[in-house]
Amino acid sequence: MSACQRPDGRATLVGCGPGDPDLLTLRAVKAIQSADALLFDALIDPAILELARPDARRIDVGKRCGRHAMRQAAITALIVRLARSGAHVVRLKGGDPFVFGRGGEELASLRGAGVPVTVVPGVTAACAAAASLQVPLTHRGVARSVHFVTGHGADGMLPTHDWVALARSGGTIAAYMAGGTLGLMVARLIAAGMAGATPAVAIENASRAHERRLFRALAELPEALTAAGFDGPTLMLIGAVVGLAEQAAIVERLAA
Ligand code: SAH
């Protein structure tokens, strides 16, 4: 420990769920309330920041200066500097920190810098979407597995997944960050043997007040999504279980 390093500084990576503050865990709320400094980006709902102490520093690390948001290395350096000055630094992450959230990279850097780190899990977008749509992701007899896949590799292109394995699994696919590459992803899945009639849904802003849903057969979803112009965070669910949501919606309509 260097002479200027205070021993009580630490960092917490907090999963904040899909947006609605009601979906925070109690542990997340406690961490936010005890924070001296909070680092957040665009996926974090302002209502979550209101839970912090009035005197806590709120730092928007997603704000774009020119073309670039603050780089990952700069974010980590800031957390390290604040923690070394004795602060409890809370890094707010959308959903769960370890599901496509780069939480692992931040954790590794903080550990490397000798900053004590705690991780608080959060409700990941796939689970929030499933609850909102009433899609049981692994409904017995319908889906035996669920696959979290990204549509956006480090280079911004569709990553190479094992499409045949995904198509054959009979499981549910939850595709994150797939808005821009959905056409190609769907083409790959269908070429690998998945039926174009497989039920699918795109959900934008799951759990938030302005949530939107788009149910389509898999083959029709990309074009419909482009026409709908979803521009908020959007998740796709693909698989037979999505058909259960449609049935539930029909029952609800009949009962109304
Ligand atoms: N760590 C996050 C995912 C970060 S990647 C989690 O566990 O949920 C960002 C992607 O997550 C978005 O492109 C979108 O696909 C999905 N996402 C996050 N919040 C969402 C929301 N409220 N509704 C729909 N999709 C969401």
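The values are calculated or read from the model by the stated rules, or taken from the named source; none is laboratory data. Everything quoted here is computed from the prediction, not taken from an experiment. Quick reminder, even Gly has a Cβ in these numbers, built from the backbone with ideal geometry, and neighbours come from all protein chains shown. SASA here: full protein model, heavy atoms, side chains in, ligands and nucleic acids out. Shrake-Rupley method; radii C 1.70, N 1.55, O 1.52, S 1.80 Å.
Details
- Contacts under 6 angstrom Cβ, first residue in the stretch 97-118 being under 20 Å from LYS30 (Cα atoms), partner of a type in the set (Lys, Arg) and within 16 Å of the ligand (Cβ to nearest atom), 6 or more apart: GLY103/LYS93
- Residue within the stretch 82-95 that is modelled with pLDDT of 95 or more, surrounded by fewer than 18 Cβ atoms within 10 Å (Cβ to Cβ), within 14 Å of the ligand (Cβ to nearest atom) and closer than 24 Å to ALA47 by Cβ present: no
- For the stretch 10-69, the set of residues classified as at pLDDT below 95, away from the ligand (no atom under 16 Å from the Cβ) and open to solvent by 80 Å² or more (accessible area, probe 1.4 Å) consists of LYS63, ARG64, CYS65, ARG67, HIS68, listed by residue number.
- The lone exception for GLY243 - which of (1) at pLDDT 95 or above; (2) farther than 15 Å from VAL135 by Cα; (3) not hydroxyl-bearing (Ser, Thr, Tyr) it fails: (2)
- Among the residues making up the stretch 114-146, those that are open to solvent by less than 30 Å² (accessible area, probe 1.4 Å), more than 22 Å from ILE238 (Cα to Cα) and either more than 13 Å from the ligand (Cβ to nearest atom) or assigned to a loop (DSSP other than H, G, I, E, B) (or both) are VAL115, GLY122.
- In the stretch 147-172, the residues that are in contact (Cβ under 8 Å) with a residue 40 or more places away in the chain and open to solvent by 50 Å² or more (accessible area, probe 1.4 Å): PHE148
- Check on ALA175, within 13 Å of the ligand (Cβ to nearest atom), closer than 21 Å to ALA125 by Cβ and exposed (fewer than 14 other Cβ atoms within 10 Å of the Cβ): no
- Of all the numbered requirements in (1) part of a helix (DSSP H, G or I); (2) closer than 21 Å to ARG102 by Cβ; (3) among the β-branched types (Val, Ile, Thr), THR160 misses one, and that requirement is (1).
- Residues that are over 20 Å from the mean Cα position of the chain (by Cα) and farther than 20 Å from ASP36 by Cα within the stretch 71-110 comprise ALA73, SER109, listed in sequence order.
- From the options ARG168, ARG188, residue that is away from the ligand (no atom under 14 Å from the Cβ) and closer than 16 Å to THR138 by Cα: ARG168
- In the condition set (1) assigned to a loop (DSSP other than H, G, I, E, B); (2) in contact with a Gly (Cβ under 9 Å, 6 or more places away or on another chain); (3) modelled with pLDDT of 95 or more, GLY180 is compliant with all but (3).
- Selection over the stretch 70-81 of residues that are more than 16 Å from the ligand (Cβ to nearest atom) and either among the small types (Gly, Ala, Ser) or buried (at least 21 other Cβ atoms within 10 Å of the Cβ) (or both) gives a count of 5.
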